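> Pasting a structure below so you can have a look.
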Amino acid sequence: MLYTLVFALFLIGLYATITKRNLIKIIIGVIIMEQSVNLFLLLVGYRMGGMAPILDKETSLQEFVARAVDPLPQALVITSIVISLGTIALMVAIAIRIYEKYGTYDIAEIRRLRG
Amino acid sequence: MPEKEGMSLIVKEVARLIAPPIFIFGLYLTLTGHLTPGGGFPGGVVFACGFILVVLAYGGKRAFRRLPPEGASKYDSGGALLFLVIGLIGSLVGGHFLYNFIQAALPGTVFHLLSAGTMPLINIAIGMKVAACLFMVVMALTLFRLAGEKGGES
Amino acid sequence: MITTLYIFIFFIIAAALVAVETPHALSAVIALGAVGFGLSIVCLFIGAPDIAITLVVVEILVLIHMIRATLQRDIITIMGPFSRLNVIATMLIFGIGVAFFYQVALQLPPFGQAVMTLIENSPSRFYLEESLNQTGAASAITAVLLDFRAYDTLGEATVIFTAIIGALALLRRTVKRERKGKGAGDA
Amino acid sequence: MSWVFLLVALPLGGGFLLPLFDKRWAERWLPRGSEALTLALTLATAGLAFATIGWEGIYRMGGWSPPLGINLVVDGLSSLMLVVINSIALLVTIYSFKYMEDYTPTGKYYSLFLLMLAGMNGVILTGDMFNLFVFLEIASIASYALVGYRRGAVELEAAFKYLILGSIGSAFIIFGVGLLYAATGQLNMAQVSRNLAGQGRGVIGGITAAFFLVGFGLKAAQVPFHAWLPDAHSSAPSPISAILSGVLIKALGVYCLARVFFNVLGIDEIEGNILMWGGTLSMVVGALLAVGQEDLKRLLAYSSISQVGYIVLALGMGGIMLSRGEQALASLALVGALFHLINHAANKALLFLASGAIEEQAQTRQLGEMGGLFHRMPVTGTTTLCGVLSIAGIPPFAGFWSKLIIIVAALWGGFYAVATLLIATSVLTLAYYMRVEREAFFGAVPERLQKVKEAPAAMAWAMGLLAAGAVGLGVLYLPGLREMVLQPAMNVLLEGLRYAQMVLGG
């Protein structure tokens, strides 16, 4: 059920990207899609009553191995957050440039290129 | 966005009080990435936010005399190259690219700052790189209007 | 615990819907911030403090970027013509997608049972058991990021480098150098 | 094999270093330093790529063996792709010297170029699902920025469109990777393949395949997802168009589809059919849309959709034949696909470079405003003619043989409808390329083109070498050479499960 909700979030982002006419809304849609993927990966690695996969001096290794959540998806999520930050920076740079050229964020008015 | 003279006196004072802890926090996150939550990337972002705070509070002109955005590109490339060079040294010493050669030679004590081999070094490299490049891009975005007026549009 | 998780995920979805549907661009950006901060709270609940920190700081930067893009611009989003057919079609596709994915989600390992506990030779279990001995890092995430999968991290650093160089190239002042009386085509 | 990581590390290092060359001191002390460094690095990677031919093996990053760490895989398919990518990148670098001379800052341009090259090499070499995504993003992000590099209104719009659709594709791909991880607990391609073979693919395998089809389909610009390509490829600076059309869509789209479906998921008949009919649709639609184009670069871009359709079609056909157990036929279709991939890379790169030369010298991209350029620009005219004849499939040229192999495979496999469409599209391709020749190169020279001169030597050399490829690549199918290049690549796809065996042993 949780996974399905995450997928619904993914679809909301996809919907915004495809149907919206405002560049800002399109960027927001892409960000939501990326966030939903991050959430999905994190939920996959969770284990009931889990602890963070960071060992401290008080915890024994046995308890750590038995309780810690999956570290691999977390590493992937950090990487993917950074990637989406890069994409967003580039997107905003292009959007601001487009605004300067056309004076609007509305793609219906921007569309100079044909399909 | 930044006015030439910066923001009001209160903002400047607050920024002066807050900025050092922000930098220390960024440094802490970067250096202890292998022991606690954090790491080079969030540390670098915190650092960049500190720089941005200073520039926004004091205004472009005065702040850029101290931290010119053009100089940041040196640290940006330098950090990335440092990471690559660590990898290359690994391949020369251990036969595998990105091999953790320091850990193999000097294991260090676990739970101490000097442990985990190349990891703190890579964290520093990433932190340097991320701080520099994010600072640069935010400055480029905020100063964009100035740039657009000066530049010869084609 | 799981109820809290549900509450937060519903909160995220609600914030996402607001972000997508509100006609006011700045409110949309703020709602997007709510999505990000909701996500970082979820991270705290499911044992991912590392990601919570990263998400919070990244979210601040994303908000700076987005507010930079929306500030002093045409703040009112132009709404498209709202045809009833469009709404129905969207809802239908949405419903089918979610129902289909629900079938798939039933096949996945149930929530709370990490896949690493279910299979043999899981790399994640190796990371948990051996990262302290073999890499000396107390944080298994850092061990994965900077030792086992350091190549990924190099790629990640490259991605952000590329994106920033690209953004700076697009925001640069001059496009063309002075022509030095070159060739034909004096257009 | 201990040097194979250099294929990624060298261009990465160059990419990191080059932005520093934009500074004032660099221009004073090292005039054209960025060009020299780029040339040296692309020469080195091209040399390394040729040296991988015949190798087969893995390289373990950080010394961790496969399921734990990331490993690079060199086999027939990856060395074929590496050779294609790096040799075209080398020629494009030579061409760029003159073409990009007027644009500033050159350091950032070459930096993005090298990072894109590193991303493509990383995608080809990697043996890990998530790493594939990371390097795919490097190459994509560099190409988004390069498309908008000239920063005109149209270029920016094309870049934004490309960026948004590319990001949707990436989101689908990483969701697919997440699903694979949730199902198998592994990220290493070989290990995922082995686990899936063991536990059966089930519903998750199906939906993952659907996610990958959408994601890589967007990167390869197959027909329902092709909207970005004509804008992006025609707006980019011409050397970049050559890279984008010639190799990027193949490295990020076609290669990934082939690798993921043949070696990781294991292709079945349904997916084979989707690929085959999707490819057919792209082939026909791309050719039909190309017919009416007035803008030379847009015409070439639509033609790319069509030609990549050929490759995907042949891959899908090979998949269907494989799942039916017809090994010999499948090998024919797959060889056709790979052969056409090489030919199209050389031809389309050549044509885009030539269109750049025309744009530079005659200051126009509209076919209606050209005419008689053959007399004014003999080298460009001759090389373009070679490329056009090859891509249109005229007998002695390389493009003919690859199309012939695909058509024969379709006929022997009993796909008569596809074979008919293949032949019809070939005729259509010939028609619209002949129109390019007639309107641009033959006929009377218009008044304003009287003073047009030949392209500079560096550009002419790059085009000449590619034209030699367009004429001579047909020899790759001759026995002797076939066993060196095409056969090993085809075997990788044909024996899908051998991949896991090679990487993991046992």
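None of the figures in this text is laboratory data; all of them are computed from the coordinates on show. Keep in mind that what you see is a predicted model, and the values were worked out from it rather than measured. Every residue, glycine as well, gets a Cβ built from its backbone with ideal geometry; the counts of neighbours run over all protein chains shown.
> Tell me, what is the Rg over Rh of the range D:71-163, with Rh the Kirkwood radius over Cα pairs? Don't skip to the answer; put the middle values down first.
On the way: Rg = 14.6 Å, Rh = 14.3 Å.
Expressed as Rg/Rh, it is 1.02.
> With +1 on each Lys and Arg Cβ and -1 on each Asp and Glu Cβ, and nothing else charged, work out how big the dipole of the protein assembly as shown is about its Cα centre, in Debye to the nearest 20. The partial results should precede the final answer.
Working: 63 positive and 54 negative charges, 432 e Å.
That gives a dipole near 2080 debye.
> For the protein assembly as shown, compute the orientation-averaged projected area of the C-alpha convex hull (one quarter of its surface), in nm².
On the way: hull surface 146.5 nm².
Taking the Cα atoms of the protein assembly as shown, their convex hull projects to 36.6 nm² on average.
> Give me the compactness ratio for the range D:293-422, meaning the Cα radius of gyration over 2.2 N^0.38 Å. Show your work: numbers first, answer last.
Working: Rg = 17.1 Å, N = 130, 2.2 N^0.38 = 14.0 Å.
Taking the Cα Rg and dividing by 2.2 N^0.38 Å, one obtains 1.22.
> Follow-up. Each residue of the range B:83-92 in turn: what ³J(HN,Hα) in whole Hz from Karplus with 6.51, -1.76, 1.60 and θ = phi - 60°, glycine and Pro shown as x?
4, 5, 5, 4, x, 5, 4, x, 6, 6
> Once you treat every alpha carbon in chain C as an equal point and sum by Debye, what is log10 I(q)/I(0) at q = 0.15 Å⁻¹?
Evaluating at q = 0.15 Å⁻¹ gives log10 I(q)/I(0) of -1.25.
> I would also like to ask the following. Of all the C-alpha pairs in the range D:195-277, what % are more than 15 Å from each other?
Numbers: 2053 of 3403 pairs.
Here the long-distance tail beyond 15 Å is 60 percent of all Cα pairs in the range D:195-277.
> Turning to a different aspect of this structure: Among D:F442, B:F64, rank each residue by its count of other Cβ atoms within 10 Å, from fewest to most, as a rough exposure measure. Don't jump to the answer; show the numbers that get you there.
On the way: D:F442 13, B:F64 17.
Neighbour counts put them in this order, fewest first: D:F442, B:F64.
> The range D:324-384: D in µm²/s via Stokes-Einstein (Kirkwood Rh, Cα pairs, 20 °C, 1.002 mPa s)?
Estimated diffusion coefficient is 153 µm²/s.
> Distance in nm between label sites at C:F11 and D:V408, each 7 Å beyond Cα in the beta-carbon direction?
Inter-label distance under the simple model: 6.7 nm.
> In what order do A:F7, D:F16, D:F352 fall by count of nearby beta-carbon atoms within 10 Å, going from fewest to most? Don't skip to the end; give the middle numbers.
Details: A:F7 20, D:F16 27, D:F352 31.
Sorted ascending by nearby Cβ count, the order is A:F7, D:F16, D:F352.
> Roughly what would the spin-label model give for D:A468 and D:R438, points 7 Å off Cα along C-beta, in nm?
Rounded to a tenth, the inter-label distance reads 3.4 nm.
> Jot down the radius of gyration and Dmax of the range A:2-110, Cα atoms only, both in angstrom.
19.2, 63
> Moving on to the next point. For chain D, return all DSSP H helices satisfying: extent of Cα atoms along own axis at least 20 Å; mean Kyte-Doolittle hydropathy at least 1.0. Please report the intermediate quantities before stating the final value.
Working: long enough: D:33-51 (27 Å, 1.34); D:76-99 (35 Å, 1.55); D:106-125 (28 Å, 1.17); D:129-147 (27 Å, 1.82); D:153-184 (46 Å, 1.48); D:202-220 (26 Å, 1.69); D:269-291 (33 Å, 1.29); D:296-324 (42 Å, 0.98); D:327-362 (51 Å, 0.93); D:378-392 (21 Å, 1.25); D:398-413 (23 Å, 1.64); D:416-436 (30 Å, 1.43); D:457-472 (22 Å, 1.63).
Helix filter hits for chain D: D:33-51, D:76-99, D:106-125, D:129-147, D:153-184, D:202-220, D:269-291, D:378-392, D:398-413, D:416-436, D:457-472.
> A follow-up question, please. Compute the label zone of C:F45 within the range C:1-38: residues whose backbone N is under 15 Å from the point 7 Å along Cα-to-Cβ.
Residues C:1-15, C:35-38 fall inside that zone.
> Can I ask one more? Kirkwood hydrodynamic radius, the range D:463-506, all distinct C-alpha pairs: what's the number in Å? Kindly include the intermediate steps, with their values, before the conclusion.
Working: mean 1/r = 0.0804 Å⁻¹.
Hydrodynamic radius (Kirkwood, Cα pairs) of the range D:463-506 is 12.4 Å.
> If you don't mind, there's one more thing I want to ask. Based only on other Cβ atoms within 10 Å, what is the fewest-to-most ordering of B:L31, B:L106, B:L98, D:L244?
Values: B:L31 18, B:L106 11, B:L98 32, D:L244 26.
Lowest count first: B:L106, B:L31, D:L244, B:L98.
> If each DSSP helix of 4+ residues adds -39,500 (n - 2.57) and the sum is divided by the residues in the protein assembly as shown, what number results at 222 nm, nearest 500 deg cm²/dmol? Kindly include the intermediate steps, with their values, before the conclusion.
Details: 41 runs with 675 residues, N = 962.
My calculation for the protein assembly as shown gives -23500 deg cm²/dmol from helical runs alone.
> Along the principal axes of its C-alpha atoms, what lengths does the range B:9-150 span, in descending order and rounded to whole Å?
Over the range B:9-150, Cα extents along the principal axes are 53, 33, 20 Å.
> Two decimals is fine: what is log10 I(q)/I(0) at q = 0.15, 0.18, 0.22 Å⁻¹ for the range D:1-100, from a Debye sum with one equal scatterer on every Cα and no solvent?
-0.69, -0.88, -1.10
> I'd like the per residue volume of the convex hull spanned by the Cα atoms of the range C:113-173, given in cubic angstrom.
Values: hull volume 7.1 nm³, N = 61.
It comes to 116 Å³ per residue, whole-number rounded.
> OK, next. What FRET efficiency would be calculated for the residue pair A:A108, D:I423, taking the C-beta separation as r and a Förster radius of 35 Å, to the nearest 0.05?
For A:A108 and D:I423, the calculated efficiency is 0.30.
> Quick check: from the Cα gyration tensor, does chain D come out rounded (a/c under 1.5), prolate or oblate? Walk me through the numbers before you get to the answer.
Values: a/c = 1.75, a/b = 1.26, b/c = 1.39.
Oblate, because a/c is 1.5 or more while a/b does not exceed b/c.
> If I histogram all Cα-Cα distances within the range C:1-76 using bins 5 Å wide from 0, what percent of pairs lands in each bin?
The percentages, shortest bin first, are 3, 17, 22, 22, 17, 10, 5, 2, 0.
> Which distance in nm do the two modelled labels at D:A227 and D:A153 give, with both placed 7 Å along the Cα-to-Cβ direction?
Between D:A227 and D:A153, the label points sit 2.1 nm apart.
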